[in-house]
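Read the structure below first, then the notes.
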Amino acid sequence: DITVDTTFVSIDTLEPNSKYYVYLQSECGAWIPNPIKIETEKVWTVGMHDNLSDYLVGSKATIPAEWSVNSNVKFTTTAKYNCKLDAQSGTTNVAIEFSHKQNADAYLIFPQLDVKRIQDVQFSFWMYTHLGSSTTNKPEMYNPGLIVAVCETADTTGYVPIDTIYPFSKKYVTYQQHVVSFENYVGNGKYIVLISPEENPYGGGTSATDNI
């Protein structure tokens with residue numbers, strides 16, 4: 001029982017993804033008919049790990065089967081591609097490497113989100129960009145960025161771009177954190193997609209993401 005003398009009360013002991021009936025009783029003892037039915041949101045945890053090192057077995061890491069990727073995406077333990085924000089000294093870390101080729105995108109589709117509204121979701125990650133042998137001061141000509149998108153099915157057909165994370169103005173770029181909100185997305189899709197598109201005539205560029 002909770003006694004209140006205001007018009008607002010907060011209850012922090014409810015379980016997620018559960019239904020409750022709230023009964024109200026006046027101070028003089030009469031119960032108010034028709035309880036209030038409430039349903040708490042499900043606490044969603046995605047099949048991704050903070051620094052991805054949970055997928056490391058020995059010196060190798062394998063992308064889980066429930067992730068959909070093409071041949072231009074892989075796990076890498078190459079030191080320069082690893083964020084290592086949480087890794088201890090001397091340990092091996094894992095990052096996702098996107099290496100788009102000429103006329104071939106690199107993409108990764110995460111499992112469908114078990115949420116009512118993807119508009120309530122934020123997606124955060126760290127990204128590193130490597131522009132290969134390019135020496136231009138306009139790296140976006142060589143690497144058009146990493147697109148964060150939403151799909152309604154587990155493929156990239158008809159994906160809706162939410163944000164594009166562009167490389168910085170240097171050839172080699174250290175990690176920087178990015179946060180993408182889906183609050184302005186219109187649609188029913190619940191698949192988050194990362195795409196490194198090939199949109200230039202110069203060939204490859206590499207991006208790596210970590211600490212998702």
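The values are calculated or read from the model by the stated rules, or taken from the named source; none is laboratory data. Keep in mind that this is a model prediction, so the values were computed, not measured. Ligands, DNA and RNA are stripped out before the accessible areas are found, and what is left, the full protein with its side chains, is counted by its heavy atoms. Shrake-Rupley method; radii C 1.70, N 1.55, O 1.52, S 1.80 Å.
Miscellaneous remarks
- Too-long pairs where the Cα-Cα distance tops 25 Å, listed order kept, from LYS60/LYS190; LYS37/LYS116; LYS60/LYS116: LYS60/LYS190; LYS60/LYS116
- For the stretch 153-163, the Karplus equation 6.51 cos²θ - 1.76 cosθ + 1.60, evaluated at θ = phi - 60°, returns couplings of 10, 7, 8, 8, 5, x, 5, 10, x, 9, 7 Hz by residue, with Gly and Pro reported as x.
- In this structure THR62 has an accessible area near 100 Å², from a 1.4 Å probe over the protein heavy atoms.
- Among VAL115, VAL4, the order of accessible area from largest down is VAL4, VAL115, computed with a 1.4 Å probe on protein heavy atoms.
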